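Written out below as structure tokens is the structure these notes cover.
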Amino acid sequence: MTNGVIEISALVKDHVSPFLQKRVRVLDGLTLTVQQGQTFGLLGPNGAGKTTTIKLSLGLLKPTAGEVKVLDCPAGSKTALSRIGFLPENPYFYSYLTGWEFLDFFGQLFNLSTNQRKERAKELLEMVSLTDAAHKPIHKFSKGMLQRLGIAQCLINEPDVLFLDEPNSGLDPIGRKDIRNILLKLKQAGKTIFLNSHLLPDVNELCDQIGVLHKGKLIAGGKVASICPSGNYKDLEQFFFDVISSCDKQSQPKISSSS
Amino acid sequence: MHSTLTAIALNTFRETIRDRILYAFVLFAFLVTLLGLVLGSISVGQDIRILEDLGLFIISTIGGIIAVFVGTSLVYKEIDKRTIYLIFTKPISRWQFVVGKFLGLALCILSITFLMGVFLLGIIALFTTSTHHFAAMIASIGFIYLELLFVIALATFFSTFATPLMSVLFTIGLWLIAHVGDSLLLFGKISTNKAITIFCQIIYYALPDLAQLTRLRGHIMAHQLISTESILYLSIYIVGYLVILLTLATFITEQREFQ
């Protein structure tokens, strides 16, 4: 079997509160592999540990135990980061910059030449339909425009792997459709995509494989085609509810009949 | 490496220079400098001296206010607004981020100091064309800028781990103490309490003796000859503190996790 593009093994992450030193386990022995060209959707309720998984994969957090490798390099290494694109959840951008300047700035962080940056920014703004707003300050952008600019920024280095944290959250149906179409294009271009999302219709349409994370543990997973053979996202929704409720039932303390 | 550092520095420069409050400060500085004309006209033969002293005081104060208030939120704002996620998921080193931020603000303060300096020299030119006056003024402004670099480094250091309010208090506090370091050392020497003597010595050696810069500026303005060695020594002395503060700021940033 080939090595995965993203390999997470026995990953544990504890958050320790600064004053009381109280330890909370956010991720508990997570193991998963994402193959090249695959679009992987990590699902889970709020607080399940999805964003923490992405942050550990990017080196923004350090694991308590276990390991994350991206493109055969340790998470957060410069070699890995030079081939990764990342869109955080509800991203905030430098509002004093224009869309063009923003992309140019991130191009410089990848050491692209002036000509490369010009070409790439033009190409990406066109791709996310922001050419007309290229020289508008970012603080005048709508939420949908910001999200599209965020996607453009994460593609500036022509990455092989994309980490997208809730790319469709807070968008209206038109904005969601725009983002979905962009992501479908990227998927067709053969990019490996790791996606966190609550929006099951989008996951159903975009992902090849999913994993369900609950209370820091991977409790289920599989190919979207086998979970939703009809192609209807309702099957995925039912699957999601079933695995979460069965996990909750198992973890409930047993009450004896005599009490 | 060079391109990344320049990109972060220029982005910080853009951020600060596009803030309109900055122009209000510069306008205020111009008005106070003009007030020197009025004060000078009611003095007896001290018109240039008053203009020079007031002008240098306002350059130092306005530069200091901007250095403290912008510098203390420099790194903190990136963390608070989560733009740091976009930066640290690119192949850059944490020292490039810290030093880039410092250089960006240093460039901004340089531009403002230059503007205020040119305005002051322009007004002085109405009264005298003596090259001695201009040379002394330019040298004094240079030493004010050297001190401001220390304030920026101090503010940048605190902004890596403290809230802006705490950073402002720490920065202003240490800046003022650094001005009275030699008096503290003297106080420690005459004190009979050993603990106070040691405490005063620690404070004196931990902070640069900025009173030396003030004394040097006084000598320059009194048209006394200053040796190149003492200028060189003071410059290296301050740069040494800049290196220490930025190294500490980088170390703290490297240890940090971004939740």
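Here, each number is a calculation from the coordinates, and none is a lab measurement. These numbers come from a predicted model, not from an experiment. Here the Cβ is made from the backbone with ideal geometry for all residues, glycine too, and neighbour counts use every protein chain on show.
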Where residue A:122 falls short, out of the listed (1) buried (at least 19 other Cβ atoms within 10 Å of the Cβ); (2) assigned to a helix (DSSP H, G or I); (3) of a type outside the set (A, V, I, L, M): (1)
Single condition residue A:15 does not satisfy, out of (1) over 19 Å from the mean Cα position of the chain (by Cα); (2) more than 10 Å from every other protein chain (Cβ to nearest Cβ); (3) assigned to a strand (DSSP E or B): (2)
Matching residues in the stretch A:18-55 - criterion: being on the phi > 0 side of the Ramachandran plot and outside any strand (DSSP E or B): A:21, A:37, A:44, A:47, A:49
Any hit, the stretch A:24-31, residues being within 19 Å of the chain's Cα centre (by Cα) and closer than 24 Å to residue A:191 by Cα: yes
Subset tally (residues that are touching a strand residue (DSSP E or B) at 6+ places or on another chain (Cβ under 8 Å), within 22 Å of residue A:47 (Cβ to Cβ) and of a type in the set (D, E, K, R)) for the stretch A:192-219: 2
So residue B:82, is it on the phi > 0 side of the Ramachandran plot and either of a type in the set (Lys, Arg) or buried (at least 23 other Cβ atoms within 10 Å of the Cβ) (or both): yes
All helices (runs of 4 or more DSSP H) inside the stretch A:172-259 with 2 or more residues being without any contact (Cβ under 8 Å) to a residue 40 or more places away in the chain and surrounded by 12 or more Cβ atoms within 10 Å (Cβ to Cβ): A:173-188, A:200-206, A:233-251
Qualifying residue in the stretch B:10-27 (condition: farther than 30 Å from residue B:256 by Cα, in a helix (DSSP H, G or I), away from chain A (no Cβ under 14 Å) and in contact with a Gly (Cβ under 7 Å, 6 or more places away or on another chain)): no
Residues being farther than 17 Å from residue A:4 by Cα and within 11 Å of chain B (Cβ to nearest Cβ) - total across the stretch A:65-75: 0
Given (1) within 11 Å of chain B (Cβ to nearest Cβ); (2) buried (at least 21 other Cβ atoms within 10 Å of the Cβ); (3) not aliphatic (A, V, I, L, M), index of the condition residue A:83 fails: (2)
